1. For residues that are charged (D, E, K, R) and either at pLDDT below 90 or in a strand (DSSP E or B) (or both), tally how many sit in the range 54-78.
2. I want to confirm something. Restricting to the range 154-184 and keeping residues that are modelled with pLDDT of 90 or more and open to solvent by 40 Å² or more (accessible area, probe 1.4 Å), which single residue is farthest from Lys25 (Cα to Cα)?
3. Condition first: more than 11 Å from the chain's Cα centre (by Cα) and under 17 Å from Thr70 (Cα atoms). Now tell me which residues in the range 166-204 satisfy that.
4. Pairs only if they're at least six apart or on different chains, beta carbon under 6 angstrom, first in the range 62-77 and at positive phi, second small (Gly, Ala, Ser); list them, first residue then second.
5. In the range 5-33, what residues are in contact (Cβ under 8 Å) with a residue 40 or more places away in the chain, of a type in the set (Asp, Glu) and open to solvent by 60 Å² or more (accessible area, probe 1.4 Å)?
6. Return the residue satisfying two criteria in turn: it lies in the range 98-144 and is among the hydroxyl-bearing types (Ser, Thr, Tyr) and either in contact (Cβ under 8 Å) with a residue 40 or more places away in the chain or within 17 Å of Val180 (Cβ to Cβ) (or both), and of such residues it is surrounded by the most Cβ atoms within 10 Å (Cβ to Cβ).
7. Yes or no: Met1 open to solvent by 100 Å² or more (accessible area, probe 1.4 Å), at pLDDT below 90, in contact with a strand residue (DSSP E or B) (Cβ under 6 Å, 6 or more places away or on another chain) and not in a helix (DSSP H, G or I)?
8. Which residues, counting only those in the range 79-97, are part of a helix (DSSP H, G or I) and open to solvent by 50 Å² or more (accessible area, probe 1.4 Å)?
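The values are calculated or read from the model by the stated rules, or taken from the named source; none is laboratory data. No experiment lies behind these values; they were computed from the predicted model shown. Cβ coordinates were reconstructed from backbone atoms using ideal geometry, including for glycine residues, and neighbour counts include every protein chain displayed. Each accessible area value is taken on the protein alone, full model and side chains, heavy atoms only, with ligands, DNA and RNA left out. Shrake-Rupley method; radii C 1.70, N 1.55, O 1.52, S 1.80 Å.
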Amino acid sequence: MLGNEPFSKIIQLEDKLNRMLKCLKDSDTISSDTYNQLRASGSLPGMLYGLPKIHKPDVPIRPILSALKTFNYSLAKFLVPILKPITTSEYSVHNSFDFAKQMSKISLENHVIMASFDIQSLFTNIPLKEIMDICTNRLFENTDNVHNLTRDQFKKLLKLSTEDSIFVFNNQLYSQIDGVAMGSPLSPTLANAFLYYHENVFIFVQTGILLTENSNS
């Protein structure tokens, strides 16, 4: 909890972001138009509210953080298309309609059982440091430059877009210290990148185990 005076903290965060953006503009890393698009001015803290999960027992509340006018909202939106290539795989579907279409083409044997799994509180349980490392390593795996950004520049922008998420709840100012907030434009992208990475690690490990077992038999 940060108290109930958000404006001095917001000014500090705006200044931190704008100084980084000015350095990028002065070095011709980003254009003046991009600088003006991402520059923060007159920002507000996020607003935390809850939506009832009426399909669950006791009707729990899903916390949503409205980040619409926060200092890093435009930056978060800017990073979404840059990160998109590392968020999908051959096992991904676009939506429920795509899933239904693909399933209609599959013929299952009688002994096959289909199951679905859900992750509880996915967004807020994603460790920020780990997902930032995953995204940076994946994007710069075979290159030193992504969208005219170096590895270090991208990492700093990603930190600015995810850390220092301050919000108001019950007239008190809070800071989210870990996880990503449901309501930020970047959160679904980071969640998909996190799951895609660990899905690949799991498949690689399982495939390696199977190959080892087959070679020993």
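1. Step one: of the range 54-78, the residues charged (D, E, K, R) are 56, 58, 62, 69, 77.
With the extra rule that they be either at pLDDT below 90 or in a strand (DSSP E or B) (or both), the set shrinks to 56, 62.
Residues in the range 54-78 being charged (D, E, K, R) and either at pLDDT below 90 or in a strand (DSSP E or B) (or both): 2 in total.
2. Lys159
3. Selection gives Ile166, Phe167, Val168, Phe169, Asn171, Gln172, Leu173, Tyr174, Ser175, Gln176, Ile177.
4. none
5. If we filter the range 5-33 for residues that are in contact (Cβ under 8 Å) with a residue 40 or more places away in the chain, which is where we start, we get 5-6, 9-10, 13-14, 16-17, 20, 24, 29-30.
Still in the running and of a type in the set (Asp, Glu): 5, 14.
Result: Glu5, single match.
6. Filtering the range 98-144 for residues among the hydroxyl-bearing types (Ser, Thr, Tyr) gives 104, 107, 116, 121, 124, 136, 143.
Imposing the further condition that a residue be either in contact (Cβ under 8 Å) with a residue 40 or more places away in the chain or within 17 Å of Val180 (Cβ to Cβ) (or both) reduces the set to 121, 124, 136.
On the way: Ser121: 11, Thr124: 15, Thr136: 17.
Applying the filter and picking the extreme gives Thr136.
7. On the way: open to solvent by 100 Å² or more (accessible area, probe 1.4 Å): yes; at pLDDT below 90: yes; in contact with a strand residue (DSSP E or B) (Cβ under 6 Å, 6 or more places away or on another chain): yes; not in a helix (DSSP H, G or I): yes.
The answer is yes for Met1.
8. Here is the first cut: in the range 79-97, the ones part of a helix (DSSP H, G or I) are 79-86, 96-97.
Pro81, Lys84, Pro85, Ser96, Phe97, listed by residue number.
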